[in-house]
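Working notes for the structure below.
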Amino acid sequence: MARISVPEAAARLGVVAQRVRQRIQDGSLPAERVGGQWIIDEKDLARVSDSNAPGRPLSERSAWALVAAAEDNAVLLQSLSAPDRSRARARLRKLAAAHHDDSHESLRLLSVFMRNRAARRCYLVAQRDLKDLRNDPRIRLSGLSHPESGLASGDVVEGYLSVNDLDDVMQDFLLRDVDRDRANVFLHVVSPDIEESLPLLGHAWNSLLMAADLSEHDGPRERHRAMELLDLAQQAQAQALQARRPRSEGRNE
């Protein structure tokens, strides 16, 4: 099994790095000190994740069904079966209930639900190529690169990319695989079927999905903004529900 750093373990568990260090110190998470840093075996992290996770990670398809339900996007929802739509809406209600009780726990639940929405890849690219990479039409900007994240930076590129385009983009920009602590490029690699749906997403892209993106970064600013975006997603969902009620009531009069 591979060994990973504290920040990467924190991202996988949906917690801050300090919480992982606390688990190491109290002995509940085995780790080894290497070169001044704690290193964790993936099998040990999996045991902690399985015992503590508030839910189970969804499949790629189910994760994007959740995004479609949050968006209330008729086109995307019609592509789902009735049971898939029902399950997605039930998960949204579970998120809303968790958010009402504890916004930190709801963000953790969102991180678990959305873990398999894409394969997160970390790369290093030359500074001079960041602008061209950011403007590449094959990449749909998200997270730290999306203007509405409130955290957009010229020093980082983050976005979604079809797996069919990954090799070409890596070659065109000479991307190098690196640890997340050294990366300045974060790509969420999706299947071709999912990639075709990305342009159809609207408000959900700026709330639920972006909250999931930002929650994977090990920083208080990113996690705080992720909770704000999750709150906006819950508000939008409540407003959409409220907007539908008068029409239903009017038909019953």
Can you name the residue in the stretch 199-239 that is among the basic types (Lys, Arg) and surrounded by 18 or more Cβ atoms within 10 Å (Cβ to Cβ) and is also modelled with the highest pLDDT among such residues?
Arg225
Restricting to the stretch 4-26, name every residue that is open to solvent by 60 Å² or more (accessible area, probe 1.4 Å) and at pLDDT below 85.
Arg12, Val16, Gln18, Arg19, Gln22, Gln25, Asp26
Out of all the residues in the stretch 171-192, is one or more open to solvent by less than 50 Å² (accessible area, probe 1.4 Å), in a helix (DSSP H, G or I) and farther than 22 Å from Leu80 by Cα?
yes
Name every residue in the stretch 28-59 that is surrounded by 15 or more Cβ atoms within 10 Å (Cβ to Cβ), part of a loop (DSSP other than H, G, I, E, B) and at pLDDT below 85, in order of residue number.
Ala53, Pro54, Gly55, Pro57
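Name every residue in the stretch 129-139 that is open to solvent by 60 Å² or more (accessible area, probe 1.4 Å) and more than 20 Å from the chain's Cα centre (by Cα), in order of residue number.
Lys131, Asp132, Asn135, Pro137
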Considering only the stretch 101-109, I want to know if a residue exists there that is more than 16 Å from Ala226 (Cα to Cα) and open to solvent by 50 Å² or more (accessible area, probe 1.4 Å).
yes
Can you name every residue in the stretch 128-156 that is farther than 24 Å from Glu196 by Cα and either touching a residue at least 40 places away in the same chain (Cβ under 8 Å) or in a loop (DSSP other than H, G, I, E, B) (or both)?
Asp129, Leu130, Gly150, Leu151, Ala152, Ser153, Gly154, Asp155, Val156
Looking at Ala69, Ala126, Ala74, Ala118, can you tell me which residue is exposed (fewer than 12 other Cβ atoms within 10 Å of the Cβ) and either closer than 30 Å to Asn164 by Cβ or hydroxyl-bearing (Ser, Thr, Tyr) (or both)?
Ala74
With respect to Leu166, determine if the residue is under 20 Å from the mean Cα position of the chain (by Cα) and assigned to a strand (DSSP E or B).
no
Which one is surrounded by the fewest Cβ atoms within 10 Å (Cβ to Cβ), of the residues in the stretch 77-97 that are without any contact (Cβ under 8 Å) to a residue 12 or more places away in the chain and among the aliphatic types (A, V, I, L, M)?
Ala82
Residue in the stretch 109-129 that is over 14 Å from Asn184 (Cβ atoms), of a type in the set (S, T, N, Q) and in contact with a strand residue (DSSP E or B) (Cβ under 6 Å, 6 or more places away or on another chain) present:
no
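Could you list all residues from the stretch 71-88 that are under 22 Å from Ala226 (Cβ atoms) and assigned to a helix (DSSP H, G or I)?
Passing the criteria: Glu71, Ala88.
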Please specify each residue of the stretch 140-153 satisfying the condition of being on the phi < 0 side of the Ramachandran plot and either modelled with pLDDT of 95 or more or open to solvent by 50 Å² or more (accessible area, probe 1.4 Å) (or both).
Arg140, Pro147, Glu148, Ala152
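The values are calculated or read from the model by the stated rules, or taken from the named source; none is laboratory data. Since the structure is predicted, the reported quantities are computational estimates derived from the model, not experimental observations. Cβ atoms come from the backbone with ideal geometry, glycine included; neighbour counts cover every protein chain shown. These accessible areas exclude ligands, DNA and RNA; they are computed on the full protein's heavy atoms, side chains included. Shrake-Rupley method; radii C 1.70, N 1.55, O 1.52, S 1.80 Å.
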